[in-house]
1. Which members of segment 215-227 meet the condition of being in contact (Cβ under 8 Å) with a residue 40 or more places away in the chain and over 35 Å from the mean Cα position of the chain (by Cα)?
2. Confirm whether L182 is of a type outside the set (S, T, N, Q), surrounded by 13 or more Cβ atoms within 10 Å (Cβ to Cβ) and more than 29 Å from I49 (Cα to Cα).
3. Does S232 satisfy being of a type outside the set (D, E, K, R), surrounded by fewer than 16 Cβ atoms within 10 Å (Cβ to Cβ) and either more than 30 Å from the chain's Cα centre (by Cα) or modelled with pLDDT of 95 or more (or both)?
4. Only one of these conditions is not met by L6: (1) of a type in the set (A, V, I, L, M); (2) under 30 Å from C132 (Cβ atoms); (3) more than 31 Å from the chain's Cα centre (by Cα); (4) surrounded by 15 or more Cβ atoms within 10 Å (Cβ to Cβ). Which number is it?
5. How about segment 187-196: which of its residues are modelled with pLDDT of 95 or more and either outside the structural domain of G263 (by TED's automatic domain parsing) or farther than 11 Å from W260 by Cα (or both)?
6. Only strands (runs of 3 or more DSSP E) wholly contained in segment 1-78 count here; list those with 1 or more residues that are small (G, A, S), in the same structural domain as I103 (by TED's automatic domain parsing) and closer than 19 Å to E94 by Cβ.
7. Please state which of the following conditions R385 fails to meet, knowing it meets all the rest: (1) modelled with pLDDT under 95; (2) part of a helix (DSSP H, G or I); (3) not β-branched (V, I, T).
8. Take the residues in segment 145-179 that are over 25 Å from P386 (Cβ atoms) and in contact (Cβ under 8 Å) with a residue 40 or more places away in the chain, then tell me which one is surrounded by the fewest Cβ atoms within 10 Å (Cβ to Cβ).
Amino acid sequence: MKEDFLHFIWQHRLYDAARLTTTVGDGITVLQTGFLNHSSGPDFSEARIGFDQTTWAGSVEIHLRSSDWFAHGHDSDSAYDNVILHVVYEHDREVTTTTGDVIPTLELKGRIRKDLLVRYGQLQKSKSEVPCAKSLPDIPTIFWRNWLDRVLAERLERKAGEVELHLKHHEGHWLQVYYTLLAGYLGGNWNKLPMFELTRRVPLRIIGLYKDDPLKREAILLGTAGWIPEDSQDPYVRLLKREFEHLSNKYSIQPLHQIWKTGRIRPDNAPVHRIVQLSGLCVSMEEAFEQLIEQGAYDWQEVPLSRSAFWDHNLGFAIPRRNMGERISQSMSDLLAINVHAPLLFQYGLHTGDVGLKSLAIEGLGSVAPENNVVIRKWMKWVGRPESAADTQALLELNTCYCTPKKCVICNVGRTIISRA
């Protein structure tokens with residue numbers, strides 16, 4: 001049993017409330033359970049508890065055992081001095097405040113319905129990657145849809161928080177944030193951090209000076225990233241070296257010391273390939289950002305890459321005779337729409353107070369094809385084929401934040417299964 005299960009039991013009054021007493025026999029009436037606290041401090045605030053003829057208002061703290069009060073250091077933390085009731089599954093010790101006052105304790109052992117304990121135990125012991133998988137067919141469609149919508153909003157809020165961190169780092173420069181995020185997701189999970197660092201060392205304001213000169217853009221980005229070959233006799237590579245030496249001196253740019261991942265990465269995802277793509281996309285960055293804010297979408301797949309002729313016959317420095325392609329793939333454009341555009345638009349809406357932009361972020365995901373990965377294919381066995389990226393993003397969030405850590409009692413589906421009559 002975990003404490004969050006007791007939070008669920010307390011919050012929804014799923015215990016036998018007949019003749020409630022403290023562990024020393026004083027009568028209790030729960031007038032208001034309080035509000036669940038998601039930050040530091042006692043678990044529930046603004047509770048109201050009747051003790052015989054007196055009503056107390058304050059906080060409620062919940063533990064599996066009374067002695068956890070001391071194990072968690074609450075006896076020496078004045079933030080817990082306003083606790084009016086200690087709710088535990090099993091009482092094994094009286095608890096006190098920092099001033100030595102004894103706090104009344106309510107023991108729930110023997111007061112929780114056996115069927116609730118059994119269903120909760122089954123979910124917690126389940127070996128399935130989705131603990132409630134067998135029960136999902138019994139969940140009404142409208143209930144399931146509403147829960148996915150809620151989880152999608154939670155995912156966007158969480159990812160918008162990451163956008164906010166970049167915004168603070170770049171001192172409110174939205175276009176630089178957009179450039180940084182695009183670079184990170186072009187790099188993929190393997191090289192996201194080096195790409196972030198590359199955009200910090202070579203900001204968009206510098207790249208923007210060379211919109212009409214792909215050689216200079218590629219030189220400063222590839223050189224800073226450390227990817228220009230030292231001993232090549234190719235004319236293009238020699239030009240890159242010369243331009244990078246000039247531009248790095250001009251702008252006092254130091255090469256990266258980040259380690260790039262290259263092992264077991266397909267050529268299409270290799271750092272050189274992605275950096276050249278980033279260089280080509282930078283030409284349209286401002287236009288893309290403006291359209292994203294105005295219309296809620298921008299399809300990078302429709303934008304021809306501005307690049308040097310060298311890449312017409314090369315995918316990388318060591319991969320000749322293969323065209324890099326004139327555009328990024330549709331799958332990459334969709335990836336950017338999902339992981340960059342939607343969170344950025346959502347955060348921009350939060351930042352400006354424009355609720356419509358938050359709605360556009362969600363609507364935009366609804367128009368993007370569903371993702372296809374290991375997690376989504378697993379979910380398809382139980383809930384069918386997702387309709388769009390809005391569905392797959394919700395399922396990914398559900399998997400990460402609820403199913404894998406078995407947070408069943410904070411999941412609407414899990415709560416329904418546990419508490420059903």
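1. Within segment 215-227, the subset in contact (Cβ under 8 Å) with a residue 40 or more places away in the chain is 215, 217-218, 221-222, 225, 227.
Of everything in segment 215-227, just one residue is in contact (Cβ under 8 Å) with a residue 40 or more places away in the chain and over 35 Å from the mean Cα position of the chain (by Cα), namely L215.
2. Numbers: of a type outside the set (S, T, N, Q): yes; surrounded by 13 or more Cβ atoms within 10 Å (Cβ to Cβ): yes; more than 29 Å from I49 (Cα to Cα): yes.
So L182 passes the test.
3. Values: of a type outside the set (D, E, K, R): yes; surrounded by fewer than 16 Cβ atoms within 10 Å (Cβ to Cβ): yes; either more than 30 Å from the chain's Cα centre (by Cα) or modelled with pLDDT of 95 or more (or both): yes.
It is true that S232 is of a type outside the set (D, E, K, R), surrounded by fewer than 16 Cβ atoms within 10 Å (Cβ to Cβ) and either more than 30 Å from the chain's Cα centre (by Cα) or modelled with pLDDT of 95 or more (or both).
4. (3)
5. F196 - this is the single residue of segment 187-196 that is modelled with pLDDT of 95 or more and either outside the structural domain of G263 (by TED's automatic domain parsing) or farther than 11 Å from W260 by Cα (or both).
6. Numbers: elements: 28-32, 44-51, 54-65.
Qualifying strands (runs of 3 or more DSSP E): 54-65.
7. (2)
8. E164
The values are calculated or read from the model by the stated rules, or taken from the named source; none is laboratory data. These numbers come from a predicted model, not from an experiment. Cβ sites come from the backbone with ideal geometry, for glycine too, and all protein chains shown count toward neighbours.
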